[in-house]
1. Please specify each residue of the stretch 197-214 satisfying the condition of being outside any loop (DSSP other than H, G, I, E, B) and among the charged types (D, E, K, R).
2. Given the options Ser399, Ser413, Ser406, Ser431, name the one that is outside any helix (DSSP H, G or I) and either out of contact with any Ser or Thr (no Cβ under 7 Å at 6 or more places or on another chain) or of a type outside the set (Lys, Arg) (or both).
3. Closer than 19 Å to Gly417 by Cα and in a strand (DSSP E or B), is that true of Glu488?
4. Mind listing whichever residues of the stretch 475-487 are touching a strand residue (DSSP E or B) at 6+ places or on another chain (Cβ under 9 Å) and open to solvent by 20 Å² or more (accessible area, probe 1.4 Å)?
5. Here is a check on your reading of the model: is Phe281 closer than 28 Å to Leu198 by Cα, aromatic (Phe, Trp, Tyr) and open to solvent by 100 Å² or more (accessible area, probe 1.4 Å)?
6. Which ones in the stretch 147-157 are part of a loop (DSSP other than H, G, I, E, B) and either among the charged types (D, E, K, R) or surrounded by 18 or more Cβ atoms within 10 Å (Cβ to Cβ) (or both)?
7. Given the residues Leu169, Leu144, which is the only one that is free of Cβ contacts under 8 Å to residues at least 12 places away in the same chain, open to solvent by 20 Å² or more (accessible area, probe 1.4 Å) and assigned by TED's automatic domain parsing to the domain that holds Cys202?
8. Let me spell it out: the conditions are (1) of a type in the set (Val, Ile, Thr); (2) open to solvent by less than 10 Å² (accessible area, probe 1.4 Å); (3) under 21 Å from Lys231 (Cα atoms), and Val176 meets all of them except one. Which number is the exception?
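The values are calculated or read from the model by the stated rules, or taken from the named source; none is laboratory data. All figures in this text were calculated on a predicted structure; none of them were measured in a lab. Note: ideal-geometry Cβ built from the backbone for every residue, glycine included; neighbour counts use all protein chains shown. Heads up: the accessible areas ignore ligands, DNA and RNA and are worked out on the full protein's heavy atoms, side chains in. Shrake-Rupley method; radii C 1.70, N 1.55, O 1.52, S 1.80 Å.
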Amino acid sequence: MSLPVFEQGCFSATVLGGNDLGGVHHLRGYGEWDCGRAEPAWTGEVKVMSKRWLRTVGLLGGGVIGGGWAARFVLNGVDVRLHDPAPGAIEGVQQQLANARRAYRRLTRLALPPEGRLSVATSVADAVQGVELVQESAPERLDLKQQLLAAASRAAAPETLICSSTSGLRPSLLQVEMDRPERFLVAHPFNPVYMLPLVELCGGERTAPEALERAAEIYRGLGMHPLVVRKEVDGFIANRLQEAMWREALWLVHDNLATVQEVDDAIRYSFGLRRAIMGPFRIAGGGDGMRRFMQQWGPMLKWPWSKLTEVPELTDAFLDKLAQQADDRGEKLGSLEIEQNRDDCYVALLQGLRSQGYGAGETVALWEQGLREANFQIDDGCGPLRMPPAQMPSDWLDSNGHVNESRYLQLFSEATGTLERYVGIDSEYRSRCGAFYTVETHLFHLGELHAGDRAQVLTQVLGAQDKRLHVFHVLTREADQKPVAMSEQMLIHVDASSRRSAPVRGEVRERLLELAERHAKLPRPERVGASIRQR
Ligand code: NAD
């Protein structure tokens, strides 16, 4: 691996050894202070905790759902072996992967792990050998699934977990012909699998409870929300609810009470929004609220508003009517534009919910926390602190097409926050002792960052006296290890009760002093103390 070369000079680090699956990475750092030197400013080893929970999965079926699974696994750093006999299946999967990359770039700014490898397997046996998990997503036909799952169970290692994406077939029926059926369960996702977090887990008569537990942990690690279905039941939970509404929607169109557009509008402008926040049972007011709600609305359930299990006859005439009304909206099946627009809306919803730490947004936040922790240890004991890498989202660009200074400031401010947490400043310390307030910031622009670029802040503590904390940050672009911005900051510690400057206290003080002492051995960045230059 070649070492980085600097034009402008900055601190940087390069991985010289180790592997993507964890263990020890050997790092060598170069600084602004030692441009062009043959010797690095420091070398060291960093233990990188990584997602050892899952390395390779075998996918059977690469259609709408199999392709979505492939994207979720690959983007979470898991290798995928895909078997699908249809010619062109891999192209469809690649398209989903491209869509997912685009969506994740918008969804999170945290750098994802190195992508897993996507390879084509020519047989079921080839797809499932040596993998930790098999995910079957073949067409919804009992005989086909039974035969595929039996073949997979014979070829896979005995400890391999085997899951089916079936929308509603009972796991007890699916596992009848399998070897070691105790490691089989249904893991039912939602389309697009790489965006929607729910995965319903349902075991059959012969499924071991440990298989459900193992599966829940795996799917949680992929940023999903596993929901264990307590009792084996056709359609599980979500599809039973979805079907009830879908039947009513069909009747409304069938009986000419509404068009397909009007039904869709009725939902998306009203309770469609509500359902992302609360299900039918999340009602304000706890038990009392629930009683009042049921007294008020319960009796209406006996009125003949809905048709329950009746389904309109799917005659040609009815299908033509549905198709004609759908055509009138000008939508094309599988259109890339529609898919991307759908994904952008999901991203916006998930980000909104994440900002509230709520529902599916909480799942995204947990996934991000996992990404941060799994890939990162900020202090290697000898160099500057290395902040978790961030990927530049497309909505961070200014009219020139690159990331603007407000985002650089945001990244540096977050780096200072991470440094504070690292030395032990938590909410308890803040309320009891105080916090650092920034009193001065200098920002240096050195290069450009574009959407999708990965970058990392390296932070050096220049001084930590009594009340003052002096830090220097360098933002480097990962691709070429070049600095794109630097910032020098002075912070003052402010007492929680007097709101006046006051010395740092206790263990935080000790950790800061220890860090400052170590960082004092690093060369001092050239730009420290610089003011605006008159060229
Ligand atoms: P799909 O038709 O898009 O994909 C099925 C894929 O399986 C096709 O690419 C097909 O070539 C492949 N296939 C056929 N025979 C195969 C075999 N012997 N071995 C391997 N692959 C084979 O269907 P889908 O929508 O992706 O559904 C797949 C499964 O996921 C079904 O069980 C379905 O009920 C379930 N599911 C679907 C949705 C959804 O919204 N579409 C949601 C959740 C679960």
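1. Glu200, Glu210, Glu213, Arg214
2. Just a single option satisfies the conditions, and that option is Ser399.
3. Spelling it out, Glu488 is indeed closer than 19 Å to Gly417 by Cα and in a strand (DSSP E or B).
4. Correct list: Arg477, Glu478, Ala479, Gln481, Lys482.
5. yes
6. Ala156
7. Leu144
8. Failing condition for Val176: (2).
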